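See below for the structure under consideration.
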Amino acid sequence: MRGSAFPELDFNWRIRTRIPSPALDEIAHTDMEGWDDIRLWRGEAKVPDDWWNLLDVASHALLCGPVSSPDPDTLLAAAARGELVAVVARASFL
């Protein structure tokens, strides 16, 4: 998705997390058989407690980028230039 419209929900996008940390481990897309066909990011990123608690309740999140800052003005400017890409991803807790 590009621009300022809300992206369509694609349940094949996954945010993989580790419960004990709490940390974000991976953002990936799976094919129809459940195998990863796109690995967008892999690493370990500690997340704020409020973000973790929201992900735990909602079980999905809107991911957008690439941007240099999560500041709303930066996001809106990138969207206005047509540079913002976004997906709605389901959370997997390990």
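The values are calculated or read from the model by the stated rules, or taken from the named source; none is laboratory data. Nothing here was measured: the structure is a model prediction, and the numbers come from that model. Quick reminder, even Gly has a Cβ in these numbers, built from the backbone with ideal geometry, and neighbours come from all protein chains shown. Accessible surface is based on the protein model in full, side chains and every heavy atom, while ligands, DNA and RNA are left aside. Shrake-Rupley method; radii C 1.70, N 1.55, O 1.52, S 1.80 Å.
If you check Ala91 against the conditions, is it open to solvent by less than 30 Å² (accessible area, probe 1.4 Å), at pLDDT 85 or above and not in a loop (DSSP other than H, G, I, E, B)? Let's see the steps before the verdict.
Numbers: open to solvent by less than 30 Å² (accessible area, probe 1.4 Å): yes; at pLDDT 85 or above: yes; not in a loop (DSSP other than H, G, I, E, B): yes.
The answer is yes for Ala91.
I'd like the full set of residues that are surrounded by fewer than 13 Cβ atoms within 10 Å (Cβ to Cβ) and either within 19 Å of Val47 (Cα to Cα) or in contact with a strand residue (DSSP E or B) (Cβ under 6 Å, 6 or more places away or on another chain) (or both), limited to segment 67-84.
Ser68, Ser69, Pro70, Asp71, Pro72, Gly82
Just checking, does segment 75-82 include any residue being at negative phi, in contact with a helix residue (DSSP H, G or I) (Cβ under 8 Å, 6 or more places away or on another chain), free of Cβ contacts under 8 Å to residues at least 24 places away in the same chain and not polar (S, T, N, Q)?
Within segment 75-82, not a single residue is at negative phi, in contact with a helix residue (DSSP H, G or I) (Cβ under 8 Å, 6 or more places away or on another chain), free of Cβ contacts under 8 Å to residues at least 24 places away in the same chain and not polar (S, T, N, Q).
Report, by residue number, each residue of segment 61-84 that is outside any strand (DSSP E or B) and either among the hydroxyl-bearing types (Ser, Thr, Tyr) or in contact with a Pro (Cβ under 9 Å, 6 or more places away or on another chain) (or both).
Ser68, Ser69, Thr74, Ala78, Glu83, Leu84, listed by residue number.
Residues that are without any contact (Cβ under 8 Å) to a residue 24 or more places away in the chain, within 13 Å of Ser92 (Cβ to Cβ) and in a strand (DSSP E or B): does segment 40-60 have at least one?
No: segment 40-60 contains no residue that is without any contact (Cβ under 8 Å) to a residue 24 or more places away in the chain, within 13 Å of Ser92 (Cβ to Cβ) and in a strand (DSSP E or B).
Being at pLDDT below 85 and farther than 19 Å from Ala28 by Cβ is the filter here; which residues of segment 50-73 pass it?
Val67, Ser68, Ser69, Pro70, Asp71, Pro72
Output the residues belonging to segment 1-37 that are open to solvent by 80 Å² or more (accessible area, probe 1.4 Å) and either assigned to a loop (DSSP other than H, G, I, E, B) or at pLDDT 85 or above (or both).
Answer for segment 1-37, where residues must be open to solvent by 80 Å² or more (accessible area, probe 1.4 Å) and either assigned to a loop (DSSP other than H, G, I, E, B) or at pLDDT 85 or above (or both): Ser4, Phe6, Glu8, Ile19, Pro20, Met32, Glu33, Trp35, Asp37.
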